[in-house]
């Protein structure tokens, strides 16, 4: 029997008995669609979690700093060090900052002390902060060295009795700064009682040398945190002294998030594997039923001169048509789901990851088709003509 | 001609069966269904085999189609020792040298007439472009050319049996074995099938063996034999 005849006959049989096979095909197709979305979208979803969920996203932020109070030779992050850290695998973004403690302000005769944090334009993004009121200054303000600031919500309430303070002037060390916004999304009370200035402005205005000795670094996913944390001292050492360098990671929280994510991923893979397995059992079942209900047909074909291998090939290729057809359908559904999910989380996975997933799904489909279809096909091929023809 | 063929006398006989026996073991007794069957069939003949139910008619036909193996005896077709063939050679023998028509008008369900006739050609390795003509010729011989693309489920009993005859013919076999081909047909359709058989053997190359218990059908054949208690009698 030629291959094109075999395929033509098998596809025709599957289409003609589509009602019998529909449930199995749908089960496998949904399994494939789920599998494709796990393969392609899991990293994007983790990424999205990092950005949008403070609890989970916080564990991917590393705080790197030089403890200059303990060092006789002050250190700060050099340009080459920052460039090398940005290029490190698993690093999504970083922000350079400098802190000045004990800064003072007078408002309506009252004295207030607070910390000033001089930050670059990426700080808000890295720390996942958002404006409670007004706006958070950006690249323009940093480049223009503008005299504007962002105020922590608790400090705003303490000084002004209100958080709606955008546009108000704030005096710091006898200099006036315009408040562009109030800071939200802060769980650290130290930061909620701080004032934030553009790094360039603070360098201009504050007396003495402003040392940018703090770095906040966000990893792409929590899986990257360990490797990035381990690599940082070596990279810093390549360009400057790592003396009194500290890398802070929220290890406990990270472990809890990783464990949670591992279980979720494991359960999804388990569910997908179960779907594939059930699909395989389904194919085995429908093929066994098909062999039984088509016993006379098998006898008739053998009477027409079909060899055992012709019957084996026909039933096996029908099983393959089912599983590969289901994989095709699943790839289509998976692509649609991927597009919808990508639209929702505003992120796109690499195309090659999708094609890798499709290839893997097709390999699974072939294995399931052959694995589940082999025994029924062998059974069909070994039928004796007379008993098959006389089967009622 | 192979070694087996050279050991068989020709004498122009297409089929030569000698001392054929078939015994079944039901676990308690040995049941002898066929006893020392001897006969020859020549090209152009239509041989009717009659007998009561359970007399062994169908068993003999299944042995001739090598669906069953006899307990002893020899069977030559066109000089070839058929019983010495292995499983694959048996399949090749069935697709190239014999055509089978069953009692119950067995057509492939949910298939067209064309598809039913195409299968023997597929198994015989006939090129796809040659198939339509051969199928059309076979259908014309049973006057069903106009039904070529009809679904087999929508044919009448007589038409289904004629399609079965056309399917047996499509590979141009030397022998057609028909098991009660008119069993489910009325008299006029039964005679029509017999007319087709007569036309088929008129080429002088083909022989047909018909198992029937209908004396009228048997009377239309060129030879009549009957089986009683497993023994074949020529009439």
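The values are calculated or read from the model by the stated rules, or taken from the named source; none is laboratory data. These numbers were taken from a predicted model, which means no experiment stands behind them. All Cβ positions, even for glycine, are placed from backbone atoms using ideal geometry, and neighbour counts span all protein chains on display.
Tell me whether segment B:123-131 contains one or more residues that are touching a residue at least 40 places away in the same chain (Cβ under 8 Å), within 14 Å of chain A (Cβ to nearest Cβ) and within 19 Å of the chain's Cα centre (by Cα).
Yes - at least one qualifying residue is present in segment B:123-131.
With segment A:157-270 as the region, which strands (runs of 3 or more DSSP E) entirely inside it contain at least 3 residues that are without any contact (Cβ under 8 Å) to a residue 60 or more places away in the chain and closer than 30 Å to residue A:74 by Cβ?
A:175-184
Collect the residues in segment B:152-167 that are over 16 Å from residue B:195 (Cβ atoms) and either free of Cβ contacts under 8 Å to residues at least 40 places away in the same chain or loosely packed, with under 15 Cβ neighbours inside 10 Å (or both), keeping them in residue-number order.
B:153, B:154, B:156, B:157
Can you find a residue in segment B:16-31 that is free of Cβ contacts under 8 Å to residues at least 40 places away in the same chain, over 14 Å from the mean Cα position of the chain (by Cα) and under 18 Å from residue B:209 (Cβ atoms)?
No, because not a single residue in segment B:16-31 is free of Cβ contacts under 8 Å to residues at least 40 places away in the same chain, over 14 Å from the mean Cα position of the chain (by Cα) and under 18 Å from residue B:209 (Cβ atoms).
Could you list, in sequence order, all residues of segment A:1-59 that are at pLDDT below 80, within 25 Å of residue A:355 (Cβ to Cβ) and either within 14 Å of chain B (Cβ to nearest Cβ) or over 39 Å from the mean Cα position of the chain (by Cα) (or both)?
Correct list: empty.
Within segment B:82-93, can you find the residues that are more than 9 Å from chain A (Cβ to nearest Cβ) and free of Cβ contacts under 8 Å to residues at least 24 places away in the same chain?
Correct list: B:82, B:83, B:85, B:86, B:89.
Tally up the residues in segment A:267-277 that are surrounded by fewer than 20 Cβ atoms within 10 Å (Cβ to Cβ) and in contact with a helix residue (DSSP H, G or I) (Cβ under 6 Å, 6 or more places away or on another chain), please.
Total meeting the criteria: 1.
Go through segment B:94-111 and give me each residue that's out of contact with any helix residue (DSSP H, G or I) (no Cβ under 6 Å at 6 or more places or on another chain) and at the interface with chain A (Cβ under 8 Å from one of its Cβ atoms).
Scanning segment B:94-111 gives B:94, B:96, B:102, B:109.
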